[in-house]
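What follows is a set of notes on a single structure, which appears directly below.
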Amino acid sequence: MKSTGYVLAAGGIVLANEAIFVPLQSHQTPLQAINWRIIPATAIMALMLAGVESMSPEFGAGLGFLVLLSVLVIPMGHAGSPLENLAKAIGR
């Protein structure tokens, strides 16, 4: 299912963003800084979109892709958005 792959990729991006950039800003270890609610939220979203995709494959995959795109631009969690953090890391 495409939507599940998109949502799991989005959850992985948010989790990696939290694990890398929050400790740099707050001087904590990655295990202290990570927002662990991301994992069950990703699993629930993947299950919900899998159900939507079983009813309408194009719509479910499209929603999953929109979740992936929105995670890249909108700040989720305690760190900024992944694109903002990437721009800061390369010095822009």
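Computed from the coordinates by the stated procedures, all read-outs in this text should not be read as laboratory data. Since the structure is predicted, the reported quantities are computational estimates derived from the model, not experimental observations. Note that each Cβ is placed from the backbone with ideal geometry, even for glycine, and that neighbours are counted across all protein chains shown.
Quick notes on this structure:
- Across region 44-58, rounded Karplus estimates of 3J(HN,Hα) from the backbone phi angles (6.51 cos²θ - 1.76 cosθ + 1.60, θ = phi - 60°) give 5, 5, 5, 5, 5, 6, 5, x, 5, 5, 5, 7, 9, x, 5 Hz, Gly and Pro being marked x.
- Put a dot 7 Å past the Cα of Ile74, heading toward its Cβ, do the same for Ile13, and the two dots end up 1.3 nm apart.
- Taking Val22, Val73, Val14 as the candidate residues, the one with maximal mean-square fluctuation in a Gaussian network model of the chain, Cα springs under 10 Å, is Val73.
- Between Pro75, Pro40, Pro23, the residue with the greatest mean-square fluctuation in the GNM of the chain (Cα pairs under 10 Å linked by springs) is Pro40.
- Dipole of the chain [Lys/Arg +1, Asp/Glu -1 at C-beta], most positive-end residue of Val52, Asn85, Ala10: Asn85
- Label point distance in nm, Ile39-His27, each placed 7 Å from Cα along Cα→Cβ: 2.8
- Shape metrics for the chain, restricted to C-alpha atoms - Rg then Dmax, Å: 14.3, 46
- Angle between the chain longest axis and helix 2-26 axis [Cα atoms, degrees, rounded to 10]: 10
- FRET efficiency for Ala89 and Phe59, using Cβ-Cβ distance with R0 set to 30 Å, rounded to 0.05: 0.25
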